[in-house]
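Working notes for the structure below.
Read the figures in this text as sums done on the coordinates, not as results from a lab. The shown structure was predicted, so the numbers you read here are calculated from the model rather than taken from an experiment. When we count neighbours, we look across all protein chains shown, and the Cβ atoms used for this are built from the backbone with ideal geometry, even at glycine.
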Amino acid sequence: MKFTIITHVNHIEKEGQYFGYAPYVREMNVWLKYIDELIIVAPVIQVSNTEIDSAYNHSNIKFLKIENINLLGFKSICNAIIKIPKIGWQIFKAMKEADHIHLRCPGNIGLLGCFVQILFPDKPKTAKYAGNWDPKSKQPWSYRLQKWILNNTFLTRNMLVLVYGEWEGSTRNIKPFFTATYSEQEKSPIKTLNLKEKIHFVFVGTLSSGKNPLYVIQLVEVLFRNGHNVILELYGEGSERKIVEDYIRSNGLHEIIVLHGNKNQETVKIAYQNSHFVILPSKSEGWPKAIAEGMFWGCVPISTKVSCVPYMLDNENRGLLLEMELNNDVAKIEKIINNEGDFIIKSKLASQWSQQFTLEVFEDEIKKLTVK
């Protein structure tokens with residue numbers, strides 16, 4: 001079977017291999033176990049691969065390089081209009097050659113793929129919508145347009161759209177889904193952590209305004225000022241790195257806030273295992289992997305009420321939902337810090353829930369979508 005991926009994910013070419021953002025590539029490598037030939041339509045950038053990049057695990061790859069586009073600002077839109085015909089033609093050729101078409105959404109290349117796939121109503125198709133499918137959420141017009149096309153059974157035929165959560169108004173195209181990081185073999189009793197000793201918080205994600213790393217630091221700072229023995233470790237890089245560094249320096253927080261930068265999966269796994277709480281005050285998510293991964297190891301999750309997070313946390317039965325009001329959120333965290341019994345219950349429930357979603361379960365579900 002020829003399997004074609006249409007994606008906006010930037011790729012790096014090195015010695016005949018193609019690398020991309022590791023969580024995405026690891027997921028795609030599960031799909032690739034059941035195909036004969038892979039066709040990738042994606043942008044390629046000229047940088048060195050890092051610890052958060054992985055290579056596709058397949059011996060028969062055809063890569064169609066396309067230019068990246070964005071729709072932010074008048075000049076960018078004009079440039080995109082010039083590039084779209086060529087990119088659209090490349091996507092069309094790849095889809096025509098494919099036995100199965102797979103779209104990665106949301107994204108500008110995914111949006112083009114949504115339009116081009118209309119021309120192939122009889123071909124088997126899947127789309128992974130990795131963002132927030134909540135129809136009531138505020139999102140860019142391009143995201144809303146992708147969701148409308150994917151949800152339209154007249155325009156989008158013979159396709160299953162994998163989304164996070166169950167939402168009213170979804171058509172038969174839409175299939176609630178999940179993602180996974182750890183295997184059945186990695187399951188183990190969670191480490192018992194004492195709240196009377198140093199309390200560890202961990203943040204895993206991009207240091208960007210969308211992930212709100214500064215708010216995480218401010219939460220832990222107030223807890224520290226209130227007399228709690230706390231430490232926060234942040235894993236990730238991003239455009240707000242300097243803002244975060246300046247805040248830590250100007251407020252004398254270097255002893256309780258540690259910036260690790262990008263680290264590999266094993267290093268982050270150890271951080272989860274040694275942390276009491278995983279925290280992610282993100283503005284928008286699909287299935288926040290940092291939250292699910294931390295829960296797997298018994299971290300009590302603290303997150304915003306975006307996408308399917310309230311479902312993941314069972315409306316605070318296995319975690320805390322942030323209100324994004326500093327004093328209220330600090331009070332909520334202090335309440336569980338001062339109630340070790342509640343912490344232990346939430347930790348166990350978080351682990352039990354997350355450990356349902358292993359790589360083996362994920363692979364079984366992917367196999368159903370690809371093997372006919």
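For Met312, Met295, Met95, the sequence from fewest to most other C-beta atoms within 10 Å is Met95, Met312, Met295.
Between beta-carbons, use under 12 Å as the cut-off and find the net charge around Val230, counting Lys and Arg +1, Asp and Glu -1. Residues near Val230 contribute -3 overall. Under the simplified labelling scheme, the Asn60-Glu197 pair shows an inter-label distance of 5.3 nm, with each label point 7 Å from Cα along Cα→Cβ. For region 318-336 versus region 52-91, the inter-centroid distance based on Cα atoms is 41 Å.
Bridgeable lysines around Lys96 (alpha carbons under 18 Å apart, same-chain partners fewer than 8 residues away excluded): Lys2, Lys62, Lys65, Lys86, Lys123, Lys125. Here the label points at His260 and Lys368, each 7 Å from Cα along the C-beta direction, are separated by 3.5 nm in the simple model. Note on Lys211: aspartates and glutamates with a C-alpha under 13 Å away, same-chain residues under 8 apart excluded, are Glu237, Glu240, Glu285.
At 0.36 nm per residue, minus the direct Cα-Cα distance, what do Trp141 and Glu15 gain on full extension? Give it in nm, one decimal, please. Kindly include the intermediate steps, with their values, before the conclusion.
Numbers: separation 126, 0.36 × 126 = 45.36 nm, distance 3.87 nm.
Length gained between Trp141 and Glu15: 41.5 nm.
Note on Lys283 and Asn229: the model spin-label points, each 7 Å out from Cα along the C-beta direction, lie 3.8 nm apart. Estimate the FRET efficiency between Leu119 and Glu67 by the formula 1/(1 + (r/R0)^6), using the beta-carbon distance for r and 25 Å for R0, to the nearest 0.05. So, using R0 = 25 Å, E works out to roughly 0.70.
Cα-Cα over 28 Å: which of Lys136/Lys332; Lys187/Lys332; Lys33/Lys283; Lys175/Lys335; Lys147/Lys348? Too far apart for the 28 Å limit: Lys187/Lys332; Lys33/Lys283; Lys175/Lys335; Lys147/Lys348. Only the Cβ atoms of Lys and Arg (+1) and of Asp and Glu (-1) were treated as charged; on that basis the dipole of the chain about its Cα centre amounts to roughly 1160 debye.
For a Förster distance of 25 Å, can you work out the FRET efficiency between the beta-carbons of Asn274 and Ile345, rounded to the nearest 0.05?
Values: r = 20 Å, r/R0 = 0.81.
Plugging the Cβ-Cβ distance into 1/(1 + (r/R0)^6) gives 0.80.
In terms of its C-alpha gyration tensor, region 184-354 has a rounded overall shape, because the principal axis ratio a/c (a ≥ b ≥ c, square roots of the eigenvalues) stays below 1.5.
Remark: Asp53, Asp122, Asp364, Asp314 ranked as Asp122, Asp364, Asp314, Asp53, counting other beta-carbon atoms within 10 Å and listing the fewest first.
Of interest is the spacing of the C-alpha centroids, which for region 246-303 and region 181-217 amounts to 4 Å. What FRET efficiency comes out for the pair Phe154/Lys242, r = Cβ-Cβ distance, R0 = 35 Å, nearest 0.05? So, using R0 = 35 Å, E works out to roughly 0.10. Taking a point 7 Å out from the Cα of Lys2 in the direction of its Cβ, the residues of region 99-123 whose backbone N falls within less than 13 Å of it are 99-101.
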